[in-house]
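> Take this structure, written in structure tokens, and hold onto it; I'll ask about it next.
The values are calculated or read from the model by the stated rules, or taken from the named source; none is laboratory data. None of the values given here were measured: they were computed from a predicted structure. Neighbour counts are summed over all protein chains in view; Cβ atoms, including those assigned to glycine, are modelled from backbone coordinates with ideal geometry.
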Amino acid sequence: MRRFLLLSLLIGLTMAFSGCSAAKEEAAAFPSAGWPTAGWRTCTPEEQGIDSAKLADGLTAIRERGLNIHSLLIIRNGWVVLDASFYPYDGQALHDQASVTKSIMTTLIAISVDQGKLKLDDPVLSFFPGRRSANQDAVKERITVRHLASMSSGLDCTSANDEQTLHEMERTDDFVQFILGRKMVAEPGSRFVYCSPGMHLLSAILQKATGMTTLEFARKNLFEPLGIRNVIWPADPQGINHGWGDIRLHARDTAKIGFLWLNGGQWEGRQIVSKSWVEDSVKTQIKTGRDDDYGYGWWITGQEGEYAAIGRGGQRIQVWPSINAMLVMTGGGVDIDDIEPFLEPAFADLSKPLPANPAGQARLEEAFAAIRKPPAPKPVAPLPATAANISGKAFDFEPNPLEIKTLELEFTGPAEAVLKIKHDDGEITSWPVGLDGVYRFSTGEYGLPQGLRGEWLDDRTFAAEYDNIGNNDHILLRMRFEGDLLIVESRETAHELGFRFEGRAAKRLPRP
């Protein structure tokens, strides 16, 4: 984000040297669009000092480089100036916001504090009097809600090895008991450790303090006032909504959280969350030892007041208060630094509106259409002999991270196959696979779209690309067929680790 940070700094310096009159003139030049409760208002980029032709060039370059971005939303002074979706995401489905959820979770904690339901300095263990946690000692008794919100609990937790502690928690049948039972490795408040299980503990605390599920409390006190209607928020086995991630929202609704922050927690004359919390949440509460420090659920991303809610895979709310602007994006394995160089040229001078540019706006519309289109189908080479030998043959697997018990690949035509999987829980799914470079779509988790495509790399190796799109999983599979042995190598583009596991030929799967 350093280029955008520099841009914001230059704008801020221009206003500072020009004095208060310049700030008033800018406010008059860029009138507010009003509150987006019922929906965002749109304007041309030029009306907000942004070059539409250069935005078109940037979108085209992002697409040409194959960056796995799903959507990009730019808002300035309350106006949407760019709302782009990239194939295979259609921009209509809800999208997993990953750890952007943490910023929403801490917001709900703040609202409950405003309502007197709890206090930031309440001891965490005081909310669970009926639970006796392992490794309980005087140090653990000093953990407060504040420590969880600032990722400084001191609990034994790590983000290494692709959030190892989180995945250990998810393999248990009681997430809260798992994290309460972790040993202490530091004094609370003394050290930053990125700890998703700690954020889940905040969700359990909120439920205890309010008598409502986190989703119920959010609907009443945050989502409904902001006009957010469509939400999917998974819960743990005890019905506690995931405090660390997994909320599904439309990007335009996610942007409302950033807009609430730009307006000091106020919305249509109502203080949704206290201004003091908004200010404190985006100030450094603890040093991370990285480029960006941490507030309460938000990352402080620059020296001029910039901050962000960030989730794996490219989910982000980036806020630049100095220019009253936000960028909201979703992705399947992309970083804002990947796209930043292609957007920066459009933001040459934000001090005043630009002249109308019909030709540039036409180019931008053409770019919108191009990035939404699927690629042209590729010629499909004749299938190798292995395809006929393994088509419809089932392979059984030992326990593996993808929870595949049995896999079957059937080639049903020259340009399409069907992948059938029996999962560890016994569910059998059947998904079409495009062999011509174009995804075949089907319905995935929570009713959201997913796509698969694949190709033979050589006579024995089939590569499949599984994009769960709105559910934020993008998995590359390489399947090597050696007689009755199937060797699978998998890599998820938004995760650190890959996996290798083997299967043996078995009986054909029943039809789902």
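> Can you work out which of the residues in region 276-309 that are surrounded by 21 or more Cβ atoms within 10 Å (Cβ to Cβ) and among the aliphatic types (A, V, I, L, M) is nearest to residue 114 (Cα to Cα)?
Only one residue tops the list, namely 278.
> Now a separate question. Would you confirm whether any residue within region 392-400 is modelled with pLDDT of 95 or more, surrounded by fewer than 18 Cβ atoms within 10 Å (Cβ to Cβ), small (Gly, Ala, Ser) and more than 27 Å from the chain's Cα centre (by Cα)?
no
> Answer yes or no: is there a residue in region 255-272 that is out of contact with any helix residue (DSSP H, G or I) (no Cβ under 7 Å at 6 or more places or on another chain), crowded, with 17+ Cβ neighbours inside 10 Å, among the charged types (D, E, K, R) and modelled with pLDDT of 95 or more.
No.
> Only one of (1) over 20 Å from residue 417 (Cα atoms); (2) within 23 Å of the chain's Cα centre (by Cα); (3) hydrophobic (A, V, I, L, M, F, W, C) fails for residue 501. Which number is that?
Unmet for residue 501, out of (1) over 20 Å from residue 417 (Cα atoms); (2) within 23 Å of the chain's Cα centre (by Cα); (3) hydrophobic (A, V, I, L, M, F, W, C): (2).
> Can you work out which of the residues in region 176-203 that are crowded, with 22+ Cβ neighbours inside 10 Å and not hydrophobic (A, V, I, L, M, F, W, C) is farthest from residue 246 (Cα to Cα)? Lay out the reasoning, then the answer.
First, pick out the residues of region 176-203 that are crowded, with 22+ Cβ neighbours inside 10 Å: 176, 179-180, 182, 188, 195-203.
Cutting the leftovers down to not hydrophobic (A, V, I, L, M, F, W, C) gives us 182, 188, 196-198, 200, 203.
Numbers: 182: 23, 188: 27, 196: 11, 197: 13, 198: 15, 200: 11, 203: 13 Å.
Once the filter is applied, the top-ranked residue is 188.
> Of everything in region 446-476, what is under 22 Å from residue 376 (Cβ atoms), among the small types (Gly, Ala, Ser) and free of Cβ contacts under 8 Å to residues at least 60 places away in the same chain? Give them in sequence order.
454, 463, 464
> Out of region 198-222, which residues are assigned to a helix (DSSP H, G or I) and free of Cβ contacts under 8 Å to residues at least 24 places away in the same chain?
Filtering region 198-222 down to residues assigned to a helix (DSSP H, G or I) leaves 198-210, 214-222.
The answer is 216, 219, 220.
> Across region 47-62, what is the total count of residues that are surrounded by fewer than 22 Cβ atoms within 10 Å (Cβ to Cβ) and in contact with a strand residue (DSSP E or B) (Cβ under 9 Å, 6 or more places away or on another chain)? Spell out the reasoning first.
Restricting attention to region 47-62, the residues satisfying the condition of being surrounded by fewer than 22 Cβ atoms within 10 Å (Cβ to Cβ) are 47, 51, 53-54, 57, 60-61.
Subset that is in contact with a strand residue (DSSP E or B) (Cβ under 9 Å, 6 or more places away or on another chain): 47.
The number of residues fulfilling the criteria is 1.
> Taking the conditions exactly as written (on the phi < 0 side of the Ramachandran plot and in contact with an Asp or Glu (Cβ under 6 Å, 6 or more places away or on another chain)), does residue 393 satisfy them or not? Spell out how you get there, then give the answer.
Details: on the phi < 0 side of the Ramachandran plot: yes; in contact with an Asp or Glu (Cβ under 6 Å, 6 or more places away or on another chain): no.
Against the criterion (on the phi < 0 side of the Ramachandran plot and in contact with an Asp or Glu (Cβ under 6 Å, 6 or more places away or on another chain)), residue 393 does not qualify.
> In region 435-445, what residues are closer than 18 Å to residue 249 by Cβ and surrounded by fewer than 15 Cβ atoms within 10 Å (Cβ to Cβ)? So that I can check it myself, show each step before the final result.
Going residue by residue through region 435-445, those that are closer than 18 Å to residue 249 by Cβ are 444-445.
Answer for region 435-445, where residues must be closer than 18 Å to residue 249 by Cβ and surrounded by fewer than 15 Cβ atoms within 10 Å (Cβ to Cβ): just 445.
> Confirm whether residue 443 is without any contact (Cβ under 8 Å) to a residue 12 or more places away in the chain and among the β-branched types (Val, Ile, Thr). Explain how you work it out, then say what you get.
Details: without any contact (Cβ under 8 Å) to a residue 12 or more places away in the chain: yes; among the β-branched types (Val, Ile, Thr): yes.
Yes: the conditions hold for residue 443.
> If we keep just the residues of region 351-375 that are free of Cβ contacts under 8 Å to residues at least 60 places away in the same chain and of a type in the set (A, V, I, L, M, F, W, C), which is farthest from residue 323 (Cα to Cα)? Break it down into steps so the answer makes sense when it comes.
At the first step, the residues of region 351-375 found to be free of Cβ contacts under 8 Å to residues at least 60 places away in the same chain are 358, 362, 365, 369.
From the residues that got through so far, the ones that are of a type in the set (A, V, I, L, M, F, W, C) too are 362, 369.
Details: 362: 26, 369: 29 Å.
Once the filter is applied, the top-ranked residue is 369.
> So residue 475 passes all but one of these: (1) buried (at least 18 other Cβ atoms within 10 Å of the Cβ); (2) over 28 Å from the mean Cα position of the chain (by Cα); (3) of a type in the set (A, V, I, L, M). Which condition number does it fail?
Of the numbered conditions (1) buried (at least 18 other Cβ atoms within 10 Å of the Cβ); (2) over 28 Å from the mean Cα position of the chain (by Cα); (3) of a type in the set (A, V, I, L, M), the odd one out for residue 475 is (2).
> For region 381-403, what are the residues that are closer than 15 Å to residue 485 by Cα and not in a helix (DSSP H, G or I)? Reasoning before the result, please.
Of the residues in region 381-403, the ones closer than 15 Å to residue 485 by Cα are 386-387, 389-398.
The answer is 391, 392, 393, 394, 395, 396, 397, 398.
> Could you run through region 357-374 and say how many residues are surrounded by 12 or more Cβ atoms within 10 Å (Cβ to Cβ) and outside any helix (DSSP H, G or I)?
2
> Are any of the residues in region 121-129 surrounded by 22 or more Cβ atoms within 10 Å (Cβ to Cβ), touching an Asp or Glu at 6+ places or on another chain (Cβ under 8 Å) and without any contact (Cβ under 8 Å) to a residue 60 or more places away in the chain?
Just the residues of region 121-129 that are surrounded by 22 or more Cβ atoms within 10 Å (Cβ to Cβ), to begin with: 124.
Those left that are additionally touching an Asp or Glu at 6+ places or on another chain (Cβ under 8 Å): none.
Looking for residues that are surrounded by 22 or more Cβ atoms within 10 Å (Cβ to Cβ), touching an Asp or Glu at 6+ places or on another chain (Cβ under 8 Å) and without any contact (Cβ under 8 Å) to a residue 60 or more places away in the chain, one finds none in region 121-129, hence no.
> Just checking, which of 348, 359, 367 is at pLDDT below 95 and outside the structural domain of residue 494 (by TED's automatic domain parsing)?
Values: 359 fails: at pLDDT below 95; 367 fails: at pLDDT below 95.
The conditions single out 348.
> Does residue 98 satisfy being surrounded by 22 or more Cβ atoms within 10 Å (Cβ to Cβ), within 29 Å of the chain's Cα centre (by Cα) and part of a loop (DSSP other than H, G, I, E, B)? If you could, list the steps in order and put the result at the bottom.
Numbers: surrounded by 22 or more Cβ atoms within 10 Å (Cβ to Cβ): yes; within 29 Å of the chain's Cα centre (by Cα): yes; part of a loop (DSSP other than H, G, I, E, B): yes.
When the stated conditions are applied, residue 98 passes them.
> Is it the case that some residue within region 404-414 is over 29 Å from residue 312 (Cα atoms), part of a loop (DSSP other than H, G, I, E, B) and free of Cβ contacts under 8 Å to residues at least 40 places away in the same chain?
yes
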